[in-house]
Amino acid sequence: MESEINEGSEFSIPSDRMCIELEEAMLAGLHLALWELELLWSSPSNQAHLRTIVFSSGQAMGLIDMDEGSLKTLAGKICSMGDNDSFVVVHPYYLAANDTLNSWKNEYESIGKSQPFEQIHRGLYLLETTERVDEYYMKTFMMKTFMLYGMRSTINKLHWVIDRKEMNKTYNRFDVKVKIEIGLNSHHDDNQTTITLKRVNFEIGKSGELLALNQVPPVVFSETMRDINRFLGI
């Protein structure tokens, strides 16, 4: 996690910051050590959030209880947690198989439990449902124009970067960069500057080689489409 955590040290992190970092850890696929979770758990307000988040230890997937030192699966199986175990916040794409995601949703709704950020209720987007230009480009935006000032905060929050004729975002975990072709229509009044969003494509991060859409990691594709839908909602 981004916050500095030193094993054996005094540590405190506000709940809202912890939730932001856990969501980012989910997207990056970061592994958290047991002692890191114990430190987060030491705050009662953090506990309330941590009890609702689905973690995977590699061997099992479920909800953690640091007081009991266990992870409980959806089926009710109790798995002990060891000092050498590491834990990942599960992206819902990996819950979607075999209707597991719907099972989690139904379980949460039946007991009135809510999560601090979108995990099991996160929108998922699949390549099969997206309109393409060819095997490399999507035409999701195809010449849609927005006021730039209204988009800046969302662009920054979602970690996109405007670079001349493109807007890009890098998924380091997968070594993939997403690019949206853009046209910046400058105005002497900055509040009147518009941005035209065009085609979308993916590249291999290190080489810059175009990546065919059917080779894009599903999590990268889904998160990119989620961002795009956030832009469309502005």
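The values are calculated or read from the model by the stated rules, or taken from the named source; none is laboratory data. The shown structure was predicted, so the numbers you read here are calculated from the model rather than taken from an experiment. For neighbour counting, all protein chains shown are included, and Cβ atoms are generated from backbone atoms with ideal geometry for every residue, glycine included. Areas reflect the complete protein model, heavy atoms only, side chains present, ligands, DNA and RNA absent. Shrake-Rupley method; radii C 1.70, N 1.55, O 1.52, S 1.80 Å.
Summary of values
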read-out: Listed peptides 121-131, 52-62 by packing density, highest first (mean Cβ within 10 Å); value: 52-62, 121-131
read-out: Accessible area of the chain belonging to carbon and sulfur atoms, whole % at 1.4 Å probe; value: 46
read-out: Residues S70 and T194, FRET efficiency given R0 of 45 Å [Cβ-Cβ distance, rounded to 0.05]; value: 0.25
read-out: Gained length - I204 relative to L27, 0.36 nm times residue gap less alpha-carbon distance; value: 62.0 nm
read-out: GluC sites (Glu not before Pro) restricted to DSSP loop in segment 57-125 with at most 15 other C-beta within 10 Å; value: E68, E118
read-out: Area of R230 that stays accessible when all protein chains are in place (1.4 Å probe, Å², to 10); value: 90
read-out: Zero-based 5 Å bins, Cα pair distances in the chain, whole percents; value: 1, 6, 12, 16, 15, 14, 12, 10, 7, 4, 2, 0, 0
read-out: Highest-fluctuation residue, Q215, Q47, Q119 considered, GNM on the chain with Cα pairs under 10 Å; value: Q215
read-out: Whichever lysines have a C-alpha closer than 21 Å to that of K179, once near sequence neighbours (fewer than 8 apart) are set aside; value: K139, K144, K157, K165, K169, K198, K206
read-out: Sum of side-chain charges, N106 neighbourhood, beta-carbon under 13 Å (Lys, Arg +1; Asp, Glu -1); value: -1
read-out: Alpha-carbon centroid distance for the pair segment 86-161 / segment 26-54, whole angstrom; value: 21
read-out: For I111, solvent-accessible area (1.4 Å; no DNA, RNA or ligand), Å²; value: 100
read-out: Per residue value of the accessible surface for segment 122-234 (all protein chains in place, 1.4 Å probe), Å²; value: 55
read-out: Solvent-accessible ranking of H91, H49, largest area first, probe 1.4 Å; value: H49, H91
read-out: Rounded accessible area of E38 (nearest 10 Å², 1.4 Å probe); value: 90
read-out: Cα→Cβ-extended label distance, 7 Å offset, between A212 and R51, nm; value: 4.9
